[in-house]
Every structure is written in structure tokens, then in C-alpha cells.
Amino acid sequence: MAEPLIRLKNINKTYNPDSDFPTKVLFDINLDFNRGSFSSIIGQSGSGKSTLLNILGTLDRPTSGTISINGKDTASMSKNELSSLRNKTIGFIFQFHYLLPEFTALENVLMPHQISKEQTDAEAYKHAEELLDFVGLTKFKDNPANEMSGGQQQRVAIARSLMNNPDIILADEPTGNLDSDTTETIYKLLRDVNKTYDTTFIVITHDRKIAEKTDRVIELKDGRVDSDFTK
Amino acid sequence: MSKSHYDTFIRHLDEEDKEAAVRYAWNLLDKGDLSVEKLYLDFIKPSLNNFSCTHEDKDICIWKEHRRTSIIRTILEISYFFVMKRRQNIPKAGQSVLVVCPEEEYHEIGAIIATHFFTLNGYDASYIGANTPKEQITKAVQTFKPDLLALSVTNYYNLVTTKKTINALKDAYPKLKIVIGGSAFHSLNARNQLDHDFYIDDLNKIKTILGGSQR
Ligand SMILES: Nc1ncnc2c1ncn2[C@@H]1O[C@H](COP(=O)(O)OP(=O)(O)OP(=O)(O)O)[C@@H](O)[C@H]1O
Ligand SMILES: [Mg+2]
């Protein structure tokens, strides 16, 4: 069988390890994710889901254990190498979308490209416009983010996460405070991306309706993998 | 059983002619042309599994599937009459079983059929219901003190709850034997994470449970 796209080995995480009150939140996590898979992570509040996702996305380092992406161990990478890997390989969607409020939808979508390249060429503009079209926001592309609804902002964030054609998309509660119809629309969008581009998805969700549609459900309990079921 | 019997049965279902479908099934059972086991496995099971809807509009498919399920449910209920008739001549197994679907599991046709199979194998079998929270299942076990508890699960997401349910039961009743069945358990990876004593992928295998450990 092919090497997994992402491999976590014996991941432990302790916050504030040198303080008087170190908090251990992840215990010996071992997980593999194959290319093109669509997984969900569920579990009670405080079980360590976001911590795990941040480590998966190399936004945070584990206290011990290794993360390999595409067969490459990330532990030996420098800060610069890591941020370049992130920018090219991983797209993030957060519950609070962190759009730049004063900037338009189009400018927000272009952001990951502008970080990785000095110049924004016509091709990048075209790609960003296509992505906004894909998420159904062509009409709103020149509206500033802070004048859009929560669901629209979420769709901008999805378009933005796709800008650099990442292999992996990590999403933390992507439908957190949306109504059930909008949730369904966003999920369909993510599935579309997964099928069209063979993008690997790992999605944290409290929403049963989302989780039951994914191919794999991983439940964290008190920082450990309690169950891991594949469809 | 002949193919033409099956075809006629399916035609009544396709036409959503409840009266004709129920009457047809009853007559086959009554004349002895069909056993209840064959009705369940060779007629009802494929009629649900092979249900394909040609409508472009998916919402229409969903209510059509529910409509078919409701006809099947009526046929299942009337078939119980024949289960009762047969039971009189079946030696008692001296074992009891509760059959149940865990919380959020609404597919119960398989569970009802399994209950009838247990009965036909001489068990004292009771079906509790669909969508049953683990606390209620534990209470039922406390009251009935069955030898076996059978969990029927279709939607794989419900394995998360199934695992918690089994763990709670095994903690409280270490001697209780757990039976699992349903399409959610097809993957070995799923079964390996669940503390069970018997896996039933074919209802004819219920016979082998009495023989002892199958796992
Ligand atoms: N930066 C931090 N410093 C110290 N402790 C932290 C930090 N971030 C998270 N924690 C603690 O780690 C534990 C896991 O937090 P995490 O955010 O991963 O949970 P979660 O599963 O995402 O919860 P939720 O569903 O509420 O988002 C919690 O007890 C939390 O208080
Ligand atoms: Mg979180």
C-alpha cells in the first residue's frame, strides 16, 4: 500500500511544560491519513481536537513524536521551510474565518498567493475569480469581508484555502455557527473539492450530520484516540 | 421458492400496492410455498438492498424508500403470526436474547428480522426498539437479565455510540454475551474495536451461537 500522505507517530503534547502547571493534552497519538481521504475528528470540548489539528498543520510542534507529510519528517525542518511547506501544501479553514475585514472577498482569496509570490499575475486573478465562482460568490467578489454574512465569509475562507491548490485541507469547525441549510451547502462544497482535486480533508466537527457523511470518524477522548471507524 | 414469486412480489412493491404485496406474501406463507426465513432473506432483504430509484430528484427517492419500508414493516408484522405457529414445535434453547438498535439508529428492519430468527431458533427473544440510548439498554438488561444482547447497526457513524454502549454493558454485566450485526460492521477494522462475542453477517448463523464461541 502507498505511503500515507500524513503520518503522526506517538504524538504527545504538553502545554507550558516548564511551568508549575504543565497541561498534558495529547497522549501517544498514532494516525495515518491517505491521499484523497475525507476524515472527521469528533470529541467533547477540551478533548484536544484543535491542538491536534494545529500540530497536523505544523502551526504548533508536539512535545514528542513525529509528523511526516509526503514521507518527509517535519521535525528537522526550519521555520522557513515549514512555512513554505504550509503555504504550498496545506489550506486552513477556521471556525472564525480570520478574513482581513477591510479587504474584498477577491483580495482575501488572493492572500495565500501573495504571501508565496512577490507578484500577482493575471493568472492568479483568474484562479481566484474561478474559486469565488466555485463557492457561488461571483456577485460579491468586490464586497469587503466585513460586509458579508457569516456563511458568505465562510465560503470566502474556503476559496482562500484552495488558492494554492493544497494537497491537504484542515478545517476546524468549518460550519460552527451556520444554520443547517448553509452547513449542508458548505459540506457539499468541501466534498466537491475533495472529489475534483483529490484533496485530503481533515475536519473537526460537532455536527453529526457532517461527521456521518465523511469516510472516517476519529473520536478523541481526554487526548487519546478513543475510536477510529472507517466507512 | 421460484423466481416468478419474487418478481411478482417486487412488482407489487414497485407499484407501491401495499394491499397486493401484503396479500401476496401472506398467501405464500399460508400455503407453505415460502418459509418465513426465505421471505426475510430472499424476498425482503434484496427488495430493500436493490431498491434503486430512477428519479433525478433525490428527495423523491427518499420518501419512496420510506414508503417501501413501511409496506415491508407491515409484512414483517403479519409474518409474526407464522413465527408463533412454528414456535410451538421448536425445542426451547433455554436462552434469552434482547435485540436493540443503539441511539440514533433508525434502521430497524434487520433487528426485527433477527428477533424472529432468534425465536425460530428456540430463543426467548424480545425486540426493544430503534434509537435506544445506552442507559435504557442497560436498564432493559437489568430487568430482563438476558443471556445475549444483540445490537443491530446500519449507519457506520453509530459505531461510536455502539462502542460506548458495549463498554457500559460489559462493565456492568461481564457475563452478558454481545452479538453484533448489520451493515455497519462489514469492516474488520470496526469489529476489532468492539468488544463482542458473536458477529452475525448471515442470520442462518444464529444456529451456531448455541454451539458456543464463534469468535
Ligand atoms: N495555548 C494553550 N495553553 C494551555 N492550554 C491550552 C492551550 N490551548 C489549549 N489548551 C488546553 O488543552 C486542552 C485541549 O484544548 P483544545 O483546544 O485542543 O480542545 P478542543 O477539543 O478543540 O475543544 P473545543 O471543542 O472546545 O474546541 C484544553 O484543556 C485546553 O484548556
Ligand atoms: Mg477546538
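The values are calculated or read from the model by the stated rules, or taken from the named source; none is laboratory data. As the structure is a prediction and not an experimental result, all values here were calculated from the model. Methodologically, a virtual Cβ is constructed for each residue, glycine included, from the backbone with ideal geometry; neighbour enumeration extends over all protein chains shown. Note: accessible area is taken over every heavy atom of the protein model, side chains too, but ligands, DNA and RNA are not part of it. Shrake-Rupley method; radii C 1.70, N 1.55, O 1.52, S 1.80 Å.
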For every other residue with a beta carbon closer than 10 angstrom to the beta carbon of B:Glu104, add +1 if it is Lys or Arg and -1 if Asp or Glu, then tell me the sum.
-2
Unpaired by the 4.7 Å Cβ criterion, cysteines found in the protein assembly as shown:
B:Cys101
Summed residue charge, Cβ within 15 Å of B:Thr132's Cβ, Lys/Arg positive, Asp/Glu negative:
-2
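I want the local charge near A:Met77. Using Cβ-Cβ distances under 11 Å, sum +1 for each Lys or Arg and -1 for each Asp or Glu among the other residues. Could you put the intermediate results ahead of the total?
Values: positive: A:Arg61, A:Lys72, A:Lys79, A:Arg86; negative: A:Asp73, A:Glu81.
Every neighbour counted, the sum reads +2.
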Give the residue from A:Phe134, A:Leu189, B:Ser126 lying farthest towards the positive end of the charge dipole for the protein assembly as shown; charges sit on Cβ (+1 for Lys and Arg, -1 for Asp and Glu) and the dipole is referred to the Cα centre.
B:Ser126
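Might you tell me the accessible area per residue for the protein assembly as shown, computed with a 1.4 Å probe and given in Å²? Could the numbers behind the result be given before it?
Details: 22440 Å² over 446 residues.
Ligands and nucleic acids excluded, the figure is 50 Å² per residue.
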By how many degrees, between 0 and 90 and to the nearest 10, does the Cα long axis of helix B:58-87 differ from the longest principal axis of chain B?
70
Run the dipole for region A:33-188 about the Cα centre, Lys and Arg Cβ at +1, Asp and Glu Cβ at -1, nothing else charged, and hand back the magnitude in debye, nearest 20.
500
Measuring from centroid to centroid over Cα atoms, what is the spacing of region B:52-121 and region A:7-80 in Å?
45
For region A:206-223, 3J(HN,Hα) per residue [Karplus equation, 6.51 cos²θ - 1.76 cosθ + 1.60, θ = phi - 60°, Hz, x = Gly/Pro]:
9, 8, 4, 4, 6, 4, 6, 8, 7, 7, 8, 10, 10, 9, 8, 9, 6, x
At a threshold of 8 angstrom on Cα-Cα distance, excluding pairs fewer than six apart, so keeping six or more, what relative contact order does region B:31-189 reach in percent?
20
Say we join alpha carbon atoms closer than 10 Å with springs in a Gaussian network model of chain A; which of A:Asn194, A:Asn16, A:Asn146 then has the biggest fluctuation?
A:Asn16
Any idea what % of Cα-Cα pairs in the protein assembly as shown are farther than 43 Å?
29
Name the residues whose placed amide hydrogens come within less than 5 Å of the amide hydrogen of B:Ala150, ignoring near sequence neighbours (fewer than 5 apart) on the same chain.
B:Leu98, B:Val99, B:Val100, B:Val179
Can you list the residues, at least 5 places off or on another chain, whose amide H is less than 5 Å from the amide H of A:Asp226, using H built in the peptide plane?
A:Glu219, A:Leu220, A:Lys221
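Determine the relative contact order of chain A: mean sequence separation of Cα pairs under 8 Å and six or more apart, normalised by residue count, in whole percent. Intermediate results must be reported in sequence, preceding the final value.
On the way: 417 pairs, mean separation 65.5, N = 231.
Contact order relative to length: 28 percent.
Quick one: of B:Lys64/B:Lys85; A:Lys88/A:Lys231; A:Lys221/B:Lys139; A:Lys209/A:Lys231; A:Lys231/B:Lys164; B:Lys45/B:Lys134, which pairs are farther than 22 Å apart, Cα to Cα?
Over 22 Å Cα-Cα: B:Lys64/B:Lys85; A:Lys88/A:Lys231; A:Lys221/B:Lys139; B:Lys45/B:Lys134.
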Rounded to the nearest 500 deg cm²/dmol, what is the calculated helix-only ellipticity per residue at 222 nm for the protein assembly as shown, with -39500 (n - 2.57) per DSSP H run of length n ≥ 4?
-13000 deg cm²/dmol
Filtering chymotrypsin sites (Phe, Trp or Tyr not before Pro) in region B:75-164 by DSSP loop and by at most 15 other Cβ atoms within 10 Å leaves B:Tyr106
Mind listing the phi-derived Karplus ³J(HN,Hα) values for region A:62-73, rounded to whole Hz, using 6.51, -1.76 and 1.60 with θ = phi - 60°, and x for any glycine or proline?
x, 6, 8, x, 10, 10, 10, 10, 6, x, 9, 6
Going by amide H atoms built from the backbone, whose H comes under 5 Å of the H on A:Gln95, apart from near neighbours?
A:Asp172
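What average number of partner chain Cβ atoms lie no more than 10 Å from the Cβ of the residues making up B:155-167? Before the final figure, lay out each step's value.
On the way: counts 2, 8, 11, 3, 7, 12, 1, 2, 4, 4, 0, 0, 1.
Taking the mean over all residues of the peptide, I get 4.
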If you count, for every residue in A:224-230, the Cβ atoms of partner chains within 10 Å of its Cβ, what is the mean?
5
Among B:Asp57, B:Asp124, B:Asp202, determine the one that fluctuates most according to a GNM of chain B built with springs between C-alpha atoms less than 10 Å apart.
B:Asp57
Prolate/oblate/rounded label for region B:1-152 (Cα gyration tensor, a/c 1.5):
oblate
Sparse-neighbourhood loop hits (GluC sites (Glu not before Pro), region B:1-83; DSSP loop; Cβ within 10 Å at most 13 others) -> B:Glu15, B:Glu16, B:Glu56
Report, in degrees rounded to the nearest 10, the 0 to 90 angle that the Cα long axis of helix B:159-172 makes with the longest principal axis of chain B.
40
Tell me, what is the percent relative contact order of region B:99-156, built from C-alpha pairs under 8 Å that lie six or more residues apart?
52
